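What follows is a set of notes on a single structure, which appears directly below.
What follows is calculated from the coordinates using simple rules that are stated; it is not laboratory data. Because the structure is predicted, anything quoted here is derived from the model rather than measured. In this analysis, Cβ positions are derived from the backbone assuming ideal geometry, glycine residues included, and neighbour counts consider all displayed protein chains.
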Amino acid sequence: MKTARLIALVTALLLLLSGCAAGPETEKTQRQLYAMDTVMLLTAYGRTADAALDAAEARICELEADLDPERDGSSVREVNEHAGEWVRVSADCLSIAETANEIAAQSGGALAPQLYGLVGLWGFTSGEYRVPEQSEIDAQLAAIDGFRLETDAANSALRIPAGTTI
């Protein structure tokens, strides 16, 4: 399932759960959560707004658990730890990788999903902040130049080149 379709499906589900009737039951219900290194404010309306927010929060947490490169057992961490090898990943991870390839191609490489190692040089991922040497930056850039995320939909697998991370 393509990422856009997944988002449309989740949106439709949330709309159905929140209801669209006019009247006092359309009062706004909000919930704030911190996930994916972002403060999120979720809003739903209707009699089942709390259920919609519960569903949305659960889905966000599910995606975070699977896509966080620092979390043990996540698809992304497994791919990074086994760079150069095929790794079975979740349907969500595979769909996002396929979409990332499409956007990277359409944008002439403006989207580069393999920048995690480059970002890490500054310590943004570890909290050990520093200014890296130009040679370190050049080595990371050379490793990621032009590669695509290799996907195998039949086996729900993903492979990235050895020495790279996403």
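Things worth noting here:
- Interchain or long-range residues, amide H under 5 Å from residue 35's placed H: 40
- Modelled this way, with points 7 Å down the Cα-to-C-beta line, the labels at residue 85 and residue 39 are 4.1 nm from one another.
- Radius 13 Å from Cβ of residue 164, net charge of other residues (Lys, Arg +1; Asp, Glu -1): -2
- Computed from the C-beta positions of residue 130 and residue 70, the FRET efficiency with R₀ = 25 Å rounds to 0.85.
- Segment residue 106..residue 162, full-extension length gain: 17.7 nm, with 0.36 nm per residue of separation and the alpha-carbon distance subtracted.
- Vicinal HN-Hα couplings computed from phi for segment 111-122 (Karplus, 6.51 cos²θ - 1.76 cosθ + 1.60; Hz; Gly/Pro x): 8, 10, x, 9, 8, 4, x, 5, 4, x, 4, 7
- Cut-off 12 Å between beta-carbons: net charge of the residues surrounding residue 57, Lys and Arg +1, Asp and Glu -1: -2
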